[in-house]
1. Considering only residues that are touching a helix residue (DSSP H, G or I) at 6+ places or on another chain (Cβ under 7 Å) and in contact (Cβ under 8 Å) with a residue 60 or more places away in the chain, which ones fall in segment 226-246?
2. Report yes if residue 88 is under 22 Å from residue 2 (Cα atoms), assigned to a loop (DSSP other than H, G, I, E, B) and touching a residue at least 60 places away in the same chain (Cβ under 8 Å), otherwise no.
3. Without any contact (Cβ under 8 Å) to a residue 40 or more places away in the chain and either of a type outside the set (Val, Ile, Thr) or outside the structural domain of residue 296 (by TED's automatic domain parsing) (or both), is that true of residue 195?
4. Going through segment 25-37 one residue at a time, which ones are touching a residue at least 12 places away in the same chain (Cβ under 8 Å) and surrounded by fewer than 17 Cβ atoms within 10 Å (Cβ to Cβ)?
5. Those residues that are in contact with a strand residue (DSSP E or B) (Cβ under 6 Å, 6 or more places away or on another chain) and closer than 10 Å to residue 309 by Cβ, I need them from segment 172-207; list them, please.
6. Kindly check whether there is at least one residue in segment 146-162 that is modelled with pLDDT of 95 or more and among the basic types (Lys, Arg).
7. Give the number of residues within segment 248-280 that are touching a residue at least 12 places away in the same chain (Cβ under 8 Å), surrounded by fewer than 18 Cβ atoms within 10 Å (Cβ to Cβ) and of a type outside the set (A, V, I, L, M).
8. Please go through segment 110-133 and give me each residue that is touching a residue at least 40 places away in the same chain (Cβ under 8 Å), of a type in the set (Asp, Glu) and in a loop (DSSP other than H, G, I, E, B), ordered by number.
Amino acid sequence: MIEIVEVKNSKELKNFLDLPKKIYVEENTKYVFPLMMHMKMMMGPLGKGQKHFFVAKKNGQTVARLAAKVHRVGSKKTLNFGFFESLPDQQEAVSALFESAQKLYPKLKMMGPFHFRMEDPYIGVLVEGFEYDPYFLMPYNKPYYDELLKGVGLKIAMDLFTYEVKGEKVLSPLIHKGAKMAYASGVTIRKVNMKKIWEEARTIARIFNDALSKNWGFEEFLDEQVKEMVMLFKLFIDPEVVAIAEKDGKPMGCLIMIPNYNPVIKASRGKITPGLVWRYLRRKKLVDSARGYALGVLRQYHGLGVGSALTEKMFQWGEEEGYYSAEISWVLSNNGPMNELSKAMGGQHSKVYRIYESQSVESISNKG
């Protein structure tokens, strides 16, 4: 007997949050528990807005979980799902979870997993590359998740690729050629100014809102996301590996790297412990890899080699700061230019993360 319970109190919230402890039990698991504080921030307050958190119980034991939120972008509305986890062989429970969420908003297409925007951390379900460790703010899950989600009736909406770049890799001559062209046209590269972080965050948002506006699924950075960016900069971003391109004194491109803090946080299993604080304070000695988080150039400056100039400079700065490898994560599978640029950086295709969607409301309900 499957029971679906909506999370509305502290007891069920604990069941919801603790489920991964039952799933990733191997001593050598590659799964990295997100910081519980961060998880609760992403979830937000319970019982507010069109947002719901569910657990599926079998014989009184929590076996799967799911969250769903009505998500609005302009005039469009979807039912974004996320925070999905499940024990193995629980197709019935997973189907019941999705059916319960869909019944609340039967006219909306489901999409995800997001937490709850596409630009938020821990996007997608890992479907290839289980042998690799996840990078900071990227998910890791059991291989059977793809089968469970397809079993609900979800279809592939988009795959996201990652590329592994080792320090010894040599940049393609095309990168150097493009960078030379950019510099010849008057492009300069500088580091982010943390003394003007609010101004810089708004500048970066403006660049990405233009540069990525044609990408599949991209959502505009609004004031709320600017605030989140500032918090990210203060807590986790190393300003020495954030590059801003300018021409005629005006910012027109940006490349952000995020240090891979997973080696720092993994042992804490999601808790803020004295050991975690100590490792965080020593992070410069413990972290030697980073994520290529975002690269964007204002569309009017495409073709000048600005992306190549940012990449070339970042290889130099990264090595100077002790980052000897990186993961470019993530790249849309249909973004030909960025996939080619990733390969030109010496990147080796490593992982695939998947976004799903329901083709119709019936595709979920009929599977339930």
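1. Scanning segment 226-246 gives 240, 241, 243, 245.
2. Numbers: under 22 Å from residue 2 (Cα atoms): yes; assigned to a loop (DSSP other than H, G, I, E, B): yes; touching a residue at least 60 places away in the same chain (Cβ under 8 Å): no.
The answer is no for residue 88.
3. Taking the combined requirement at face value, the residue satisfies it.
4. 30, 36, 37
5. If the condition is that a residue be in contact with a strand residue (DSSP E or B) (Cβ under 6 Å, 6 or more places away or on another chain) and closer than 10 Å to residue 309 by Cβ, then 187, 188, 189 are the ones that fit.
6. Scanning segment 146-162, I find at least one residue that is modelled with pLDDT of 95 or more and among the basic types (Lys, Arg), so the answer is yes.
7. Going through segment 248-280 one residue at a time, the tally reaches 6.
8. Correct list: 119, 120, 133.
The values are calculated or read from the model by the stated rules, or taken from the named source; none is laboratory data. Worth saying up front: this structure is predicted, and the values here are computed from it rather than measured. FYI the Cβ positions are ideal-geometry reconstructions off the backbone, even for glycines, and counts take in every protein chain you see.
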